[in-house]
Structure formats: structure tokens, C-alpha cells
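S.K.: Starting off with a structure, shown below.
What follows is calculated from the coordinates using simple rules that are stated; it is not laboratory data. In this text the structure is predicted, and so the values were computed from the model without any measurement. A quick note on method: Cβ atoms are made from the backbone with ideal geometry, for glycine too, and the neighbour counts reach across all protein chains shown.
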Amino acid sequence: MRLAKYLASAGVASRRAAEEIVRAGRVTVGGEPVRDPARDVSETDEVAVDGSPVAAEREHVVFALNKPAGVVSTARDTHGRRTVVSLVPSELRLYPVGRLDADSTGLILLTNDGELANRLTHPRFEIEKTYRVVVGGGPVAQRDIEALRLGVKLDDGMTAPARVRRISADTLELTIHEGRNRQVKRMCDLIGHPVRSLTRIRFGGLELGDLKVGAYRKLTEPEVAGLSAARAARRDGARSSSGSRRSRAG
């Protein structure tokens, strides 16, 4: 097994984060520093991160948390702020799947399954996330909604078309499948409606539902399977769409 995948399966971090940890020189194999995430390791190798031994987790779990405002979406924080991981007591090494800004609330997943985390957050799998957003700047006009639906040009490029539903004059539901930094807030800023509050209400096919702020629950096996099925369906759909575009172009 490649080293980065081994660390992910051990619940150290997602695959991409594990690669960064290796490149930073924080990992040893058999007592020797290793900086190549593709280095092959076996179950008999002694692998350590920052001097602490790690071993592949035998049990994989996923928790859903309704993140409160003021809590950061990391496993630990150098400034002493509360983290999402601190809200879900577990003997397993958990870390968040993706992020929500500290002042944002709503559904965030925590897991020790690095492979699942990687596939749920990697851009190529295009997992949809839905947010309920309260904005300022007066009532949202239809032209603003249409702009979001078509895609808007941010400083890092055009966004993919979003699904938008108006809940009230100042409240929208936005569904996107990209994962750019502060994307929803930047999209709303661009159309002249700065975000006053943002709550994620859906991740893939999983709904926040009536989970209270600060509360968490362990996902059932069918729910975890549903998350996996959603990413697979999205990936297969993207391939099919790509193939259709090639056919039309021909």
C-alpha cells in the first residue's frame, strides 16, 4: 500500500492531506524519514507521524455534526479555538470532511476513513452541497438569481452553474458541486448581496434534517453506502455527459 493511502486508512488525515504531511518530512518508516507519498509500505512496517506510531484502523465510522458558529473545521487549532472534532467524543482519530468557515453553521461530516473523505472532497467527483443563505443588500432580484444559475466570474475563474431556489426576499438555497474557498460567500458578494448567515443543509444525498446545533450522530451503514453511491453516480454521470459532448462535437 502506498504511504499516503496507509496514513489515510489509519485515520491520520484524508489522502491529499496525508500527502502533504509526508512531503513536510513528518513521517518515518522504520525510523527513517520519508518524503515520498507513493512509497510502498506493508502492515509490518513501523510507520510514525511526528514520532507517534500509527496503524491502519480496523473500524471506519462517519458522523454527521450540525456545526455551531465560532467552531473551526479542523482536527486541532493552534489558537485554542473549539474544533468540530472536539464536539464528537470518540476513541477513533476523526477529522472533518471538507470545511465550513468558522462563522458558518450546518452539516459537516467527520470520519476516520481517509479514502471516503478523499472521494467526497476531491473536485473530480463533483459532490453536491446545498446551503441556505441569508443575504443583505435588499431583496434578491431575478436577474441576480439567473446570474448564479449561469455561473459568475470570480477572481479564480468562472463558477459552474448553480441550482438556486428563492426562499424569501433575502434567503436563498444554493446547490454547488465545486469546493473553492468561501465560494458561496464570494458568489453572493459578486451579485451585490453579502452573506449574513450561511448554513449547509445537505451534503451529497445526506440531509441535515432536525439535527440540533452542536449535536451529532453516527451515520448508519445504509447512509454511508448512500454517500458512496452518490459519488459514484456523479462520477459516472460526468463520464456519460463528457461522452455525449464528444459525440455532439463529432
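S.K.: Largest first and to the nearest Å, give the Cα extent of the stretch 48-195 along each principal axis.
M.R.: 56, 31, 25 Å, listed from the longest principal axis down.
S.K.: Tell me the volume per residue, in Å³, of the convex hull enclosing the alpha carbons of the chain.
M.R.: 158
S.K.: With an 8 Å cut-off on Cα pairs and a minimum separation of 6 or more residues, tell me the relative contact order of the stretch 112-163 in percent.
M.R.: Contact order relative to length: 19 percent.
S.K.: Expressed as a whole percent, how much of the Cα-Cα distance distribution for the stretch 3-54 exceeds 14 Å?
M.R.: 38
S.K.: Taking 25 Å as R0, compute the FRET efficiency from the Cβ-Cβ separation of residue 180 and residue 213 and round it to 0.05.
M.R.: The pair residue 180/residue 213 has a calculated efficiency of 0.45.
S.K.: Any chance you could run the full-extension gain for residue 42 through residue 93? It's 0.36 nm times the residue separation minus the Cα-Cα distance, nm to one decimal.
M.R.: 16.3 nm
S.K.: Now for a different question. Out of residues 5 or more away from residue 61 or on other chains, whose amide H comes under 5 Å of its own, with H placed 1.01 Å from N in the peptide plane?
M.R.: Long-range HN contacts for residue 61: 112, 113.
S.K.: Given the pairs 5/67; 5/218; 129/212; 185/218; 185/212; 5/129, which span a C-alpha to C-alpha distance of over 21 angstrom in this model?
M.R.: 5/67; 5/218; 185/218; 185/212; 5/129
S.K.: Just need the relative contact order of the stretch 1-147 here, percent rounded to a whole number, with Cα pairs under 8 Å and 6+ apart.
M.R.: Computed value for the stretch 1-147: 24 percent relative contact order.
S.K.: If you project the alpha carbons of the stretch 128-203 onto their three principal axes, what span does each projection cover, largest first, in Å?
M.R.: 27, 24, 18
S.K.: Please work out how much length the chain gains when fully extended from residue 170 to residue 149, using 0.36 nm per residue of separation minus the C-alpha to C-alpha distance, in nm with one decimal.
M.R.: Additional length available on full extension: 5.9 nm.
S.K.: Now, a different point. Along the positive direction of the dipole of the stretch 1-70 (beta-carbon charges: Lys, Arg +1; Asp, Glu -1; about the Cα centre), which of 52, 25, 69 reaches farthest?
M.R.: Of 52, 25, 69, it is 69.
S.K.: Please give, to one decimal in nm, the separation of the simple spin-label points placed at residue 142 and residue 102, each 7 Å out from Cα toward the Cβ.
M.R.: Those two pseudo-labels are separated by 4.2 nm.
S.K.: Could you work out the relative contact order of the chain, using alpha carbon pairs under 8 angstrom and six or more residues apart, expressed as a whole percent?
M.R.: 19
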